[in-house]
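The values are calculated or read from the model by the stated rules, or taken from the named source; none is laboratory data. In this text the structure is predicted, and so the values were computed from the model without any measurement. Every residue, glycine as well, gets a Cβ built from its backbone with ideal geometry; the counts of neighbours run over all protein chains shown. Protein only, heavy atoms only, side chains kept; ligands, DNA and RNA dropped before computing areas. Shrake-Rupley method; radii C 1.70, N 1.55, O 1.52, S 1.80 Å.
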Amino acid sequence: MRSGRKVTRSGAFGRRSRAKAHAARAGAKPCGTHSAISTILQQRPFFNDWQISPGYGIYAPLSGLELKIHAEARPFHGPDAAKTTGLQCRPNGIFCKEQSMSLSRRDFVKLCTGTAAGYGVSRMFHPAVREALAGTLTGELPPVFWLQGQGCTGCSVSILNSMHPAIAEVLLKIISLDFHPTIMADEGAPAIEFMRRRARENDGGFFIVVEGAVSDLEGGRYCVIGESGHEEITMSSMLKELAPHAAAVLAVGACAAYGGVSAARGAVTGAMGVGAFFGKHGIATPVVNIPGCPPHPDWMVGTLLVALDAVKRDGLEKGLASVVALLDEDGRPKPFYGANTHENCPYLYLFDEGVFSEKMTDKSGCRYDLGCKGPFAMCDSPVRRWNGRVNWCVENAVCIGCVQPDFPDGQSPFYEQR
Amino acid sequence: MSQTMSIAVDPVTRIEGHLKAEVKVEDGKVVDARLTGGMYRGFETIMKGRDPRDASQITQRICGVCPVSHALASSMALEKTAGITVPHNGRIARNLMQGANYLQSHILHFYHLAGQDFIQGPDASPFMPRYAEPDLRLDAATNAVGVDEYLEALNVRRTCHEMVALLGGRMPHLHGILAGGAAAIPTQAQIRDYAERFRVVRRFVEEKYLPITYLVTSKYRDLGDTARGYATALCMGVFPLDDEGGEFLFNPGAYYEGKDHPFDPMKIREYMKYSWFDDATSGRMFSEEETVVDVNKAGAYSFSKAPRYDGHAMEVGPHARMWVNNTELSPIGRKLAKELLGVDAARIRDLGENFVFSIMGRHLARAEEAWQVVRMVEKWLGEISPDGETFAEFEVPESGEGFAFTEAPRGCLLHYMRVRDHKVDNYQILPATLWNCCPRDDMGQRGPVEEALIGVPVPDASSPVNVGRVIRAFDP
Ligand code: SF4
Ligand code: SF4
Ligand SMILES: [Fe+2]
C-alpha cells in the first residue's frame, strides 16, 4: 500500500541520527512515546479496526511517566468503541482515559502536554478556577491592551479561532480588552487616550499583548500606531511609555517574539522582537514569548489564563515568578513548546522504518525528505492539532519550523532538507 | 462664512493594518482627504535571494486575513515562471480553500469589523467606549439581533477556517497551497467534513448575512448615496473555472469613465511622489520596479505606493468584481431589494452606479458576492475527487520570470517574480489595499478612498463616524 520509498538501513539511520542530533540541539528529550504507541498497537489489535490513520487516531502525548492515550472517535469507529477499549466517551466525541477534572495550577505543565491538549485550554482548569479568573487583579476583569507592531494581524485572526474557551467568552468574561485595533469600537485619539487612562488607573496591574515586531530605527516611523494631540505615536514610543507599568508582556507570534518574517534577511526596518527591544531600552517587565506564525489560539489563551490565575492566587510577584519558571531558554512556556515536534509526530514510526515520501501529495511516508522541519521545532501541534483539530501542518504538507527563534531564515528553504 | 477644520483619525480601527485618515471639513462636509499607510516591512527586499518556492509561505505573512490569496498568487507566479500547469483536482482544491476563506473574510468583515458602525455591542470593552454621537439607528430589537449574529458569526468564521484547514493544514497561514498545486489530495473524510461545515456556513449567509445587510441598508438609505468617489472598478479575475485559466467566476475587466474596458496588465503603473519611496522608481511597470524605501522624503505621506490603471485610480474589491461582471443577485437579495429598498434588480448594475459605489452599496455587494461563492463551492464540492492528483512536480528554473493575478477578498492581487541562479532576483507585490487606500499619484490625483471621502457629511467633528464608515466599506 505504501508507495513511499523504503530506504536502506544506513540511509534511514543517517537521517535518523541527523534528525536526532537536531532534535537534541532544539532541546528535545526523546520520550519513548513512539515505542509506547507501537507496543499498544501490538497489544491491542482492535485499534486497527478503528481505521486509525497516522493523522488523527491514536496519539500518546508526552506526559512523563503517565502515558495517556486518546483516539478521536470518527463516526465510523462504531458505537462500541468505548466499551471495547475501556476508554470513556466525552461529549465532543473524543475518547480518553478518565482524567481528573479538578485541576490545579501545579498540574498545568502536565496537562498542557497531556490529556487536555485535545480539548483546548478550558479543560485545563476547573470551572471554579475559571470563575475566579474574573476579577483577577483589581476586582474587575484584568485590563489587556493588544498592540500591533510590524505584523500581519494573523495572530489576532488566530486567537479569534479559540474554541475552549470560545473567543466570545474570553472577551466578555475573562479579560477587559481595552485596546485592540482590529476589533474595538473606538478609534483615533480617543482610543489611545482611553488606553492611557486605563493604564494610569491600573498601574502595574495590566497586561500588554504585542503582535508584530518593533523597530526604533528612524524614530520608530516604520510603524506608526496612532496620533493624539497632534503627536504621532510610534509602536516603539507607545511600548516605551506603557511597558514599564505593565504586569507582564505577552509577545505573541514569531514577529513579536523574535522578529519573525518582519526581521528576516533583506528587511531594512530594524524590526526586532519585544525581548530584544526591552533589552536594548532597559525595560525590565517580564516578557512571555508565544511564538508561532501564527501561534495556536490555545497557546495564547492558555498562557494568558495561566498568568492571570497565578497572579490571582499568589499575588503579582510570586505569581509572575511561577509563570516565568515555566519558560524555556527561548522564553516560551514549556507546557506548549516543551516537546519536539518530530518526536511526537504520528509519522515518526515511518521515519524510524525508513519510509520517506518523495512527492508532496504522497502521504504514505515521513516528510523528512520533502523538507519537514519537525526535528528542529518545538511545538505540540502534532498532538493539539489545528482549527478544531481537523488537521495540522505536517499531515497536510511539511513543518516549516514557525515556532523557532530563527524562523524563517534558519528554517528555510522550506521544501529542502537542510 | 465657512469654517474649515482638520480632523485626524489615527488609528482607523477595525481594518487590517495601520491606517490614518486626515480630512478637511468645511460646513460639515469633507472637502479634502489624505490616507496614510503607517507601517512598512518590505516583502520585496525580504524575498530577494530566497528559494522561489518559499514565496508561498513568506508572502502569506503580508496579511493574516487573506493569506490564501497571497499563497495562490505567489504559487501561480512561480508556476508561470516554471511553465507548469496545476492538475485539475488541484485547481478545484485551491478554489475550495480560497472560497472558504472568502466566506471567512466577508463574514468577519461585515460583523466584526464594520458591524459596530451600525450595531451597538455590550456595554464593555472592546465594544465601549466609542464616539459620543455614533449615529446608530437600529431599533432595540434589530440591534439585539445584530449582537446575536455578531456572536454567531464568530463561530461561523471559525468554521470557515476549519474548511480551509481541512484541505490546507491550518489557518491562518496555510500549508496546502504551494507552487505546483495543492499539497494534499483531499480524503473522502475531509471532503465530507468540509461539506458538513459548509452547510452551516451556507445557511448563515442565506438566512443571516444577506438579510441583515439589506435590513441595515434600508435604515441607512442616505449612506446608499454617500461616498461615490471615482466610481471606477478593476477586477483581475478569480476562481478559475477551467484548467487553462480562461474563464473565471469573476472575469477580469476594468470600468472607468462610465465604460467597460478589457483588462490589460501592461496598463498598470505605480507612482511614488507621495509615498516614502525613492522618486526615481516612480511610474514604472511592476516588472521594472524596485523598492527603495525613503522614510524622510519631503512631501510624502504614506508607505503605500499609488498604482494606476491607464492613468486612473481604480476601486477594487467585491463591488468592483460584481460591477465589472454585472453579476446577478441572489434570489433572497432580489426579494429584499424589492421589499426593503423598493428596487427591481436582477443584476448588480440594476441597483444603479450611484448606489453600488456608496457605503452601503459596497457592503451589499460583498454580501451578494458571498452568495456567489457559496453557489460555486457547492459546485466544486461535486467536482473534487479523493483520487485525483493535486500537485505537479517541477524543477525550479535556473532563470525566468512570471507574474500572476488573483483577487483577494478585498480586491486585486498581483505577484511578480524574476528568478536568476534558481533564486528570487526581483519580487513585486501589488495588493488590494494599495489600490484602494493609496495616496495621490505623481499627477496629484487622489487615491480612490481619498476621493470617496469627498463630500461625506461630518456634522460633528468630535464624532467623525462617517469617515471610518467610508474606509471600512472598502475592507482595507
Ligand atoms: S514528518 Fe517531519 S516531524 Fe514527522 S517524523 Fe517525519 S521528519 Fe519528523
Ligand atoms: S508543526 Fe511546524 S509549522 Fe506547524 S506550528 Fe509547529 S513549528 Fe509551526
Ligand atoms: Fe488582506
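Step by step: first the residues of the range A:368-394, then only those that are near ligand 2 (Cβ under 8 Å from one of its atoms) and among the hydrophobic types (A, V, I, L, M, F, W, C), then the one that is nearest to the chain's Cα centre (by Cα). Which residue is that?
This residue is A:Cys379.
Looking only at the range A:399-412, count every residue that is within 7 Å of chain B (Cβ to nearest Cβ) and crowded, with 24+ Cβ neighbours inside 10 Å and tell me the total. Can you show your working first?
The first filter runs over the range A:399-412 and keeps only residues within 7 Å of chain B (Cβ to nearest Cβ), leaving A:400, A:408, A:412.
When the remaining residues are screened for being crowded, with 24+ Cβ neighbours inside 10 Å, the result is A:400, A:408.
The total comes to 2.
Please verify whether the range B:39-59 includes one or more residues that are part of a strand (DSSP E or B) and either under 27 Å from B:Glu407 (Cα atoms) or at the interface with chain A (Cβ under 7 Å from one of its Cβ atoms) (or both).
Yes: the range B:39-59 contains one or more residues that are part of a strand (DSSP E or B) and either under 27 Å from B:Glu407 (Cα atoms) or at the interface with chain A (Cβ under 7 Å from one of its Cβ atoms) (or both).
State whether the residues of the range B:76-93 include one that is closer than 19 Å to A:Cys293 by Cα and open to solvent by 10 Å² or more (accessible area, probe 1.4 Å). Let's see the steps before the verdict.
Step one: of the range B:76-93, the residues closer than 19 Å to A:Cys293 by Cα are none.
Scanning the range B:76-93 turns up no residue that is closer than 19 Å to A:Cys293 by Cα and open to solvent by 10 Å² or more (accessible area, probe 1.4 Å).
When you check A:Arg265 against the structure, is it modelled with pLDDT of 95 or more and part of a helix (DSSP H, G or I), yes or no?
Numbers: modelled with pLDDT of 95 or more: yes; part of a helix (DSSP H, G or I): no.
No, not satisfied.
Wholly within the range A:84-195, which strands (runs of 3 or more DSSP E) include no fewer than the required count, namely at least 2 residues that are at pLDDT 90 or above and either in contact with a strand residue (DSSP E or B) (Cβ under 6 Å, 6 or more places away or on another chain) or in the same structural domain as A:Cys223 (by TED's automatic domain parsing) (or both)?
Working: elements: A:94-96, A:143-148, A:176-179.
In the range A:84-195, A:143-148, A:176-179 are the strands (runs of 3 or more DSSP E) which contain 2 or more residues that are at pLDDT 90 or above and either in contact with a strand residue (DSSP E or B) (Cβ under 6 Å, 6 or more places away or on another chain) or in the same structural domain as A:Cys223 (by TED's automatic domain parsing) (or both).
Among B:Arg41, B:Arg14, which is open to solvent by less than 40 Å² (accessible area, probe 1.4 Å), farther than 19 Å from B:Asn466 by Cα and not hydrophobic (A, V, I, L, M, F, W, C)?
Numbers: B:Arg14 fails: farther than 19 Å from B:Asn466 by Cα.
One residue alone meets the criteria, B:Arg41.
What are the residues in the range A:237-256 that are open to solvent by less than 30 Å² (accessible area, probe 1.4 Å) and away from chain B (no Cβ under 14 Å), if any? Talk me through it step by step, then tell me what you get.
Initially, the range A:237-256 is screened for residues open to solvent by less than 30 Å² (accessible area, probe 1.4 Å), giving A:238-239, A:242-243, A:246-256.
A:Leu239, A:Leu242, A:Ala243, A:Ala246, A:Ala247, A:Ala248, A:Val249, A:Leu250, A:Ala251 - these are the residues of the range A:237-256 that are open to solvent by less than 30 Å² (accessible area, probe 1.4 Å) and away from chain B (no Cβ under 14 Å).
If a residue has to be more than 10 Å from chain A (Cβ to nearest Cβ) and touching a helix residue (DSSP H, G or I) at 6+ places or on another chain (Cβ under 8 Å) to count, how many in the range B:1-37 make the cut? Please lay out each step first, then the result.
Going through the range B:1-37, the residues more than 10 Å from chain A (Cβ to nearest Cβ) turn out to be B:1-5, B:23-35.
Restricting the remaining residues to those that are touching a helix residue (DSSP H, G or I) at 6+ places or on another chain (Cβ under 8 Å) gives B:23, B:30, B:33-35.
The total comes to 5.
Restricting to the range A:392-413, count the residues that are assigned to a loop (DSSP other than H, G, I, E, B), among the polar types (S, T, N, Q) and within 17 Å of A:Gly253 (Cβ to Cβ). Can you show your working first?
Quick first cut of the range A:392-413, residues assigned to a loop (DSSP other than H, G, I, E, B) only: A:392, A:397-408, A:412-413.
Those still in the list that are among the polar types (S, T, N, Q) too: A:404, A:412.
Now narrow it down to the ones that are within 17 Å of A:Gly253 (Cβ to Cβ): A:404.
So the answer is 1.
I'd like the full set of residues that are modelled with pLDDT under 95, of a type in the set (S, T, N, Q) and outside any helix (DSSP H, G or I), limited to the range A:282-326.
Selection gives A:Thr285 alone.
Taking the stated definitions as given, is A:Val398 within 8 Å of ligand 1 (Cβ to nearest atom), under 21 Å from A:Val261 (Cα atoms) and not assigned by TED's automatic domain parsing to the domain that holds A:Ala276?
Working: within 8 Å of ligand 1 (Cβ to nearest atom): yes; under 21 Å from A:Val261 (Cα atoms): yes; not assigned by TED's automatic domain parsing to the domain that holds A:Ala276: yes.
Taking the combined requirement at face value, the residue satisfies it.
Return the residue satisfying two criteria in turn: it lies in the range A:330-346 and is open to solvent by less than 10 Å² (accessible area, probe 1.4 Å) and touching a strand residue (DSSP E or B) at 6+ places or on another chain (Cβ under 7 Å), and of such residues it is nearest to ligand 2 (Cβ to nearest atom).
Across the range A:330-346, the extreme among qualifying residues is A:Arg332.
Would you confirm whether any residue within the range B:110-124 is within 9 Å of another protein chain (Cβ to nearest Cβ), touching a strand residue (DSSP E or B) at 6+ places or on another chain (Cβ under 9 Å), part of a loop (DSSP other than H, G, I, E, B) and open to solvent by less than 10 Å² (accessible area, probe 1.4 Å)?
The answer is no; no qualifying residue exists.
List pairs: first residue in the range B:462-476 and facing another protein chain (nearest Cβ under 10 Å) and more than 15 Å from B:Lys20 (Cβ to Cβ), second residue in a loop (DSSP other than H, G, I, E, B) and not basic (Lys, Arg) anywhere in the structure, Cβ distance under 7 angstrom, at least six positions apart or on different chains.
As it stands, the answer is B:Ser462/B:Ala132; B:Ser463/B:Tyr131; B:Ser463/B:Ala132; B:Ser463/B:Glu133; B:Ser463/B:Pro134; B:Val465/B:Tyr131; B:Val465/B:Pro134; B:Val465/B:Asp135, since those pairs meet every condition given.
Please specify each residue of the range B:65-82 satisfying the condition of being within 13 Å of chain A (Cβ to nearest Cβ), within 16 Å of ligand 3 (Cβ to nearest atom) and out of contact with any Cys (no Cβ under 7 Å at 6 or more places or on another chain). Let's see the steps before the verdict.
Residues of the range B:65-82 that are within 13 Å of chain A (Cβ to nearest Cβ), as a first pass: B:65-71, B:74-75, B:78.
Now narrow it down to the ones that are within 16 Å of ligand 3 (Cβ to nearest atom): B:65-71, B:74.
Once the filter is applied, which keeps residues that are within 13 Å of chain A (Cβ to nearest Cβ), within 16 Å of ligand 3 (Cβ to nearest atom) and out of contact with any Cys (no Cβ under 7 Å at 6 or more places or on another chain), the range B:65-82 yields B:Val65, B:Cys66, B:Pro67, B:Val68, B:Ser69, B:Ala71, B:Ser74.
Check A:Glu353, A:Glu358 and return the single one that is within 12 Å of ligand 1 (Cβ to nearest atom) and open to solvent by 20 Å² or more (accessible area, probe 1.4 Å). Steps first, answer last, please.
Values: A:Glu358 fails: within 12 Å of ligand 1 (Cβ to nearest atom).
Answer to the check: A:Glu353.
Under 19 Å from the mean Cα position of the chain (by Cα), open to solvent by 10 Å² or more (accessible area, probe 1.4 Å) and modelled with pLDDT of 95 or more: which single residue out of B:Leu453, B:Leu430, B:Leu434 fits that description?
On the way: B:Leu453 fails: open to solvent by 10 Å² or more (accessible area, probe 1.4 Å); B:Leu430 fails: open to solvent by 10 Å² or more (accessible area, probe 1.4 Å).
Selected residue: B:Leu434, the only one of B:Leu453, B:Leu430, B:Leu434 that is under 19 Å from the mean Cα position of the chain (by Cα), open to solvent by 10 Å² or more (accessible area, probe 1.4 Å) and modelled with pLDDT of 95 or more.
Say whether the condition of being more than 21 Å from A:Met195 (Cβ to Cβ), within 13 Å of chain B (Cβ to nearest Cβ), in a helix (DSSP H, G or I) and not charged (D, E, K, R) is met by at least one residue in the range A:220-230. Quick ask: steps written out before the conclusion?
The initial filter retains those residues of the range A:220-230 that are more than 21 Å from A:Met195 (Cβ to Cβ), namely A:222.
Next cut, within 13 Å of chain B (Cβ to nearest Cβ) only: A:222.
From the residues that got through so far, the ones that are in a helix (DSSP H, G or I) too are none.
No, the conditions are met nowhere in the range A:220-230.
Going residue by residue through the range B:97-105, is there one that turns out to be surrounded by fewer than 24 Cβ atoms within 10 Å (Cβ to Cβ) and either facing chain A (nearest Cβ under 10 Å) or basic (Lys, Arg) (or both)?
Within the range B:97-105, not a single residue is surrounded by fewer than 24 Cβ atoms within 10 Å (Cβ to Cβ) and either facing chain A (nearest Cβ under 10 Å) or basic (Lys, Arg) (or both).
Grab the strands (runs of 3 or more DSSP E) fully contained in the range B:252-356, keeping just those with 1 or more residues being touching a Cys at 6+ places or on another chain (Cβ under 8 Å) and under 30 Å from B:Tyr40 (Cα atoms). Explain how you work it out, then say what you get.
On the way: elements: B:253-256, B:259-261, B:268-271, B:306-309.
By residue number, B:253-256, B:306-309.
Restricting attention to the range B:367-401, report how many residues are over 22 Å from B:Gly99 (Cα atoms), crowded, with 16+ Cβ neighbours inside 10 Å and more than 13 Å from chain A (Cβ to nearest Cβ).
Residues meeting the conditions: 3.
Residues that are of a type in the set (S, T, N, Q) and either at negative phi or more than 13 Å from chain A (Cβ to nearest Cβ) (or both): which helices (runs of 4 or more DSSP H) entirely in the range B:138-231 hold 3 or more of them? Even if it seems obvious, please write down each step before you answer.
Details: elements: B:140-168, B:188-204, B:210-219.
The helices (runs of 4 or more DSSP H) meeting that bar are B:140-168, B:210-219.
Residue-by-condition table, conditions (1) away from ligand 1 (no atom under 14 Å from the Cβ); (2) closer than 25 Å to A:Gly275 by Cβ; (3) hydrophobic (A, V, I, L, M, F, W, C):
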residue: A:Ser322; (1), (2), (3): yes, yes, no
residue: A:Cys345; (1), (2), (3): no, no, yes
residue: A:Asp380; (1), (2), (3): no, yes, no
residue: A:Cys402; (1), (2), (3): no, yes, yes
